[in-house]
Amino acid sequence: MGTESATGAADADDDRRNVSDTAGVLVLGACAAWSLITAGAHGGRPEGFLLAVLAVAAGYAAGRILGALLPFAAPTAGALAGLGLALAAPHATAGPQVVTPPGDTGAIAALLALSTGAACCAAWAARSPAQRLALRSAALGIAVVEAALGSTTGLVASAGVLLCSLAADRMRHRALALSGLALVAVLVTGTTWAVAGNVLPDGLGSYLEDQLGPHRVLLWRDALTLAHRDPALGAGPGRFGELSPTAAQSLLPDGKPHSAPLQLAAEQGVTGVALLAAVFCWVLYALWRTGRPTPVALTGGATLTALAVIASVGNALSFTAVTAGTGLLAGIATAHPLADEGGARTQT
């Protein structure tokens, strides 16, 4: 009876993983196909978006493999790699940045948040208290690096991931926690949209615009204007820079509105935004159904939510290192280790 029960549990786990993997293939494939459709309708350059989709898919596959073979070593190495990439970036210099800054510095904040999440996942996979303490101390050190770089959003993101990871062991129902993380992402994205649409109360709207900077807000409003012109298909991938008056007047234009949801709305319409949300929901679903311990799943969810927040107000997803790292962390957090993990609960 015990053998039959174990076999049934293994079969159920395989079924869950097959469903989440199939959903991921369908969603990522739809993202790639839709970018080609919108490019065919209005022109544009879908190569950058296709590269981002490929990076997520490749990172996720690599994370699943490495997480199965090396559930402790893989996230540890990932945390070190992310930290190294962030510190080696040319714009990793200290300076006053109230929110995620444009360009490379937004990617640095995202990389450090991913490194924090990877270190916390490795801590939960560690077998000795000394290893856990060392990795959590490293995660705290990454947050200190964020503070030294002057990125308040990056500091809050890294600190939030660490705190959520520490609290994850007390969560009995991961579905409730993951739903809360999804709500955070929705609220931040909705606030971004409200600022772009200038529909917030005067006091709150003025405060947020002052914190974000007038240039960023003007870019967001240009993106919303383009989205209103063709809500079905958008203006075409990669065309925001040539159609945005604010981007054209910038001293150092990069052709981005510095908000992933607004960029997709402007360039790929409502369907593009829906597909971005579907990717996020797919990852949360995979974390809900994974057989990994609940603290690992919730740490992964908190990290990816922090990344979603950074991407809502910055340009992080335009960097291949960030998109590949996102897929890698998601893969590690949803992998099925060949050796049993006995250190944490696995409630759903």
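Restricting attention to segment 13-43, the residues being modelled with pLDDT under 90 and open to solvent by less than 40 Å² (accessible area, probe 1.4 Å) number 3.
Scanning segment 265-311 for residues that are charged (D, E, K, R) and touching a Phe, Trp or Tyr at 6+ places or on another chain (Cβ under 7 Å) turns up just one, 267.
Is it the case that some residue within segment 308-328 is in contact with a Cys (Cβ under 9 Å, 6 or more places away or on another chain) and of a type in the set (S, T, N, Q)? Checked against the condition, which is being in contact with a Cys (Cβ under 9 Å, 6 or more places away or on another chain) and of a type in the set (S, T, N, Q), segment 308-328 yields no hits at all. If only residues of segment 313-333 that are of a type in the set (S, T, N, Q) and at pLDDT below 95 are counted, the one that is surrounded by the fewest Cβ atoms within 10 Å (Cβ to Cβ) is 320. Reported count of residues in segment 251-297, each being within 30 Å of residue 124 (Cβ to Cβ), open to solvent by 10 Å² or more (accessible area, probe 1.4 Å) and assigned to a helix (DSSP H, G or I), is 13.
With the condition being open to solvent by 20 Å² or more (accessible area, probe 1.4 Å) and over 24 Å from residue 280 (Cα atoms), I'd like the helices (runs of 4 or more DSSP H) fully within segment 144-219 carrying at least 2 qualifying residues.
202-212
Just one of the listed residues (206, 250) is of a type in the set (Ser, Thr, Tyr) and at pLDDT below 90, and it is 250. When the residues of segment 220-241 are filtered to those that are assigned to a helix (DSSP H, G or I) and of a type in the set (Lys, Arg), the one that is surrounded by the fewest Cβ atoms within 10 Å (Cβ to Cβ) is 229.
Just give me the residues in segment 63-108 being touching a helix residue (DSSP H, G or I) at 6+ places or on another chain (Cβ under 6 Å), of a type in the set (Gly, Ala, Ser) and either modelled with pLDDT of 90 or more or open to solvent by 50 Å² or more (accessible area, probe 1.4 Å) (or both), in sequence order. Matches in segment 63-108: 63, 67, 74, 78, 79, 82, 94. Scanning segment 105-133 for residues that are in a helix (DSSP H, G or I) and without any contact (Cβ under 8 Å) to a residue 60 or more places away in the chain yields 105, 108, 112, 115, 119, 122, 123, 129, 130, 131, 132, 133. Take the conditions (1) farther than 22 Å from residue 336 by Cα; (2) at pLDDT 90 or above; (3) polar (S, T, N, Q); residue 165 misses just one of them, which is (1).
The values are calculated or read from the model by the stated rules, or taken from the named source; none is laboratory data. Just so it is clear, the structure is predicted and the values come from calculations on it, not from any experiment. So basically every Cβ, Gly included, is an ideal-geometry build from the backbone, and we count neighbours across all protein chains shown. Side chains included, ligands, DNA and RNA excluded: accessible areas come from the protein's heavy atoms. Shrake-Rupley method; radii C 1.70, N 1.55, O 1.52, S 1.80 Å.
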